[in-house]
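Q: My questions will all concern the structure given below.
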Amino acid sequence: MVGFQSLIVVIAMWAGVAVLVLTLGLFAVIIGIRIAQAHGRRRSERLTRRWRNLLSRALVETPVSAPPVSRRDAAEIMSLWGYYHEFLRGECKTNLNRLGQLAGLDIHAKRGLRSDRVRHRLLSIHVLGNLRDRETRRLLRPIARSANPYLSLAAAHALMRISPRESITDLISMIAQRPDWPPARVMAILQEAGPEVVSEPLARAAIEADVAYQPLLLIYMSTSLDRVALRAIKEILLATSDEQVIITSLYQITHLAHPDGLHIVRVFLEHPNWLIQLHAVQGIGRMGNDDDIDDLVRMLRHQKYWIRLRAAEALAKLPTMTARRLAAIRDRQDDRYARDILREVIAQEVAA
Amino acid sequence: MSHVLDFLLTREGFSVRLARDGREALRAIAEEDPCEVVILDVMMPFASGIQVVRSLRQTPGWSDVPVIMVSGKGAESDVVSALEAGASDYLTKPFRPREFVARVRAQIVRSRAAANGSALARDGVA
């Protein structure tokens, strides 16, 4: 009995020792991890500080040398270098690229394209796009056609940065096939390329596109030169009877607010679809003149409230319209709805 | 971005004070002496650049200090709302470093000329 009790005591003692050793071991591991993290943080801060100074100096003087970047630091430096590229423009970018090449960022970026991590691949694509090395286009083209929307869009953007005039046709043909690309990002790429590059290829593509894709391409026409966009929209409107295409076209004409667009918009006041009429009225509200007063007054009697409202607003917005003139038009109306809607708009104008 | 602006301005001989966020900028306006020009980002933590410029325009001593807003938001409405809030100039990102420095200089020259003009008027010199 005594022997059994002493065995329990021995087991308990060893169990206690084991728990103590485990606790101390875990404590040591936690301390080790903390020390390693603090060391890594300090190292990263030193590296960032050093490279910030190098990058900032490169903005004002041509770099002649750069410290080599190790594989371990490549992602951090590429990210910092890319950040400078994103908020600066002009001649300083040439210096940033020279510094990047001296530091071997192009080599790291090409290697990064094969990484398993999407983040590294995205970063590498951005670096290659900013470096504008034409040789890298053969690496980026397959990625631009890949299934991943983030990688493909980033690669398309990089290609546009490297050679905009040569890549724009490809980009536009891809836009129609990629509903997964966020339109705001696509718009930003087109805006960055500039209207001189975008206008003609986009106009051609919009005219020739399938009716299902035309509204999408028409939306991007706000990045084009007004005269080219207007010519293309006119051609599309002459050839189509699709209501969505007509509505998007009228929306774009209104957005462009080019005087030549007024004649096109006026034609659609008589369209049987009231939504199209509504967009036509809005267009006249933006571009119209005294010649449109009779048409707008007629629209004040329309059975749809929204058309009456937009027609009244359009009348109020006409360049020569005054409060007294608007009140006189209201008083001449024998239709109750026309008078009511003008009264509403006049009240809004007074309140504003 | 503040690091780059600091570098560019220090290199041109300016003395630079940095505020890390909107709250720190508001505190500086409330507690410190006015400076010759203020550079503000529109989007800052705790208080936006628009809030800071509005507060600055209502603070005695700071109300005439030129403010240059620097932002990635380049839409017409963003620029208009910043200028209406009291900004003296608006620069959209990406920007050219030399253009930024030139705008800062121009604002300072204009502000000094205005200050000299009002001092002369106060002294009765036509």
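Q: Which one of these is within 9 Å of chain B (Cβ to nearest Cβ), under 21 Å from A:Thr136 (Cα atoms) and at pLDDT 90 or above: A:His108, A:His85?
A: Unique residue meeting the criteria: A:His85.
Q: Okay, next question. Tell me, which helices (runs of 4 or more DSSP H) lie completely within the stretch A:102-154 with 2 or more residues that are closer than 19 Å to A:Trp181 by Cβ?
A: Because the criterion is at least 2 residues that are closer than 19 Å to A:Trp181 by Cβ, the helices (runs of 4 or more DSSP H) in the stretch A:102-154 that meet it are A:118-131, A:137-144.
Q: Of all residues in the stretch A:35-81, which are in a helix (DSSP H, G or I), surrounded by 18 or more Cβ atoms within 10 Å (Cβ to Cβ) and of a type in the set (Gly, Ala, Ser)?
A: Matches in the stretch A:35-81: A:Ser56, A:Ala58, A:Ala74, A:Ala75.
Q: Something else about it: Name the residues in the stretch B:1-29 that are in contact (Cβ under 8 Å) with a residue 24 or more places away in the chain and among the β-branched types (Val, Ile, Thr), would you?
A: Of everything in the stretch B:1-29, those that are in contact (Cβ under 8 Å) with a residue 24 or more places away in the chain and among the β-branched types (Val, Ile, Thr) turn out to be B:Val4, B:Ile29.
Q: When you scan the stretch B:34-126 for helices (runs of 4 or more DSSP H) that lie fully inside it, which ones turn up with 1 or more residues that are free of Cβ contacts under 8 Å to residues at least 24 places away in the same chain, farther than 28 Å from A:Glu91 by Cα and out of contact with any Cys (no Cβ under 9 Å at 6 or more places or on another chain)?
A: B:76-85, B:97-122
Q: Scan the stretch B:72-98 residue by residue and report those that are in contact with a Phe, Trp or Tyr (Cβ under 6 Å, 6 or more places away or on another chain) and closer than 17 Å to A:Ala184 by Cβ.
A: Matches in the stretch B:72-98: B:Lys93 only.
Q: Would you be able to tell me the number of residues in the stretch B:1-33 that are more than 14 Å from every other protein chain (Cβ to nearest Cβ) and either part of a helix (DSSP H, G or I) or surrounded by fewer than 16 Cβ atoms within 10 Å (Cβ to Cβ) (or both)?
A: 16
Q: Another question about this same structure. Which of the residues spanning the stretch B:65-119 are within 13 Å of the chain's Cα centre (by Cα), closer than 15 Å to B:Pro34 by Cβ and either at pLDDT below 90 or within 14 Å of another protein chain (Cβ to nearest Cβ) (or both)?
A: If the condition is that a residue be within 13 Å of the chain's Cα centre (by Cα), closer than 15 Å to B:Pro34 by Cβ and either at pLDDT below 90 or within 14 Å of another protein chain (Cβ to nearest Cβ) (or both), then B:Ser111 is the only one that fits.
The values are calculated or read from the model by the stated rules, or taken from the named source; none is laboratory data. These numbers were taken from a predicted model, which means no experiment stands behind them. Because the Cβ atoms are built from the backbone with ideal geometry, glycine has one as well, and the counts that use them run over all protein chains shown.
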